[in-house]
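A.B. asks: My questions will all concern the structure given below.
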Amino acid sequence: MITRTRIVWIGNSQGVRLPKAVLAASGLSGEVEIEVGDGQVVIRAARHPREGWEEAFERMHANGDDVLLDSEYASEWDEAEWEWE
């Protein structure tokens, strides 16, 4: 869908009013992200922090990649060199 509109003043700022049909076709609502570059502005649904982490953890577990990398016991360096305050 291609729609033509103008940049308008909204208070002390400028903006673009999006027609109802454009919003309906995009499925956007609520919080969005705006990316600017190469002469264009892209508006997309906001991604959520940690999105996809649950699936990634499940894949790690299935592959046996969810083990601790550090030993659960102190090393010789920990015992001899480290100074606890």
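The values are calculated or read from the model by the stated rules, or taken from the named source; none is laboratory data. Just so we're clear, the structure is a prediction, and the values are computed from it rather than from any experiment. All Cβ positions, even for glycine, are placed from backbone atoms using ideal geometry, and neighbour counts span all protein chains on display. Just so you know, the surface numbers come from the protein's heavy atoms only, side chains and all, with ligands and any DNA or RNA stripped out. Shrake-Rupley method; radii C 1.70, N 1.55, O 1.52, S 1.80 Å.
A.B. asks: Starting from a Cα-only point model with no solvent, please compute log10 I(q)/I(0) by Debye for the chain at q = 0.12, 0.13, 0.14 1/Å.
C.D. replies: Ignoring solvent entirely, the Cα scatterers give -0.67, -0.71, -0.75.
A.B. asks: For every other residue with a beta carbon closer than 12 angstrom to the beta carbon of SER26, add +1 if it is Lys or Arg and -1 if Asp or Glu, then tell me the sum.
C.D. replies: Summing Lys/Arg as +1 and Asp/Glu as -1 gives +2.
A.B. asks: Now, a different point. For segment 1-51, just say rounded, prolate or oblate: build the C-alpha gyration tensor, square-root its eigenvalues into a ≥ b ≥ c, call rounded for a/c under 1.5, and beyond that prolate if a/b exceeds b/c, oblate if not.
C.D. replies: Prolate.
A.B. asks: Heavy atoms of the protein only, probe of 1.4 Å, neighbouring chains included. What is the accessible area of ASP78 in Å², nearest 10?
C.D. replies: Estimated to the nearest 10 Å², ASP78 gives 50 Å².
A.B. asks: Right, here's the next one. So what is the 222 nm mean residue ellipticity for the chain from helices alone, if each DSSP H run of at least 4 adds -39500 (n - 2.57) and you divide by all residues, rounding to the nearest 500 deg cm²/dmol?
C.D. replies: Numbers: 3 runs with 23 residues, N = 85.
Value at 222 nm, helices only, nearest 500: -7000 deg cm²/dmol.
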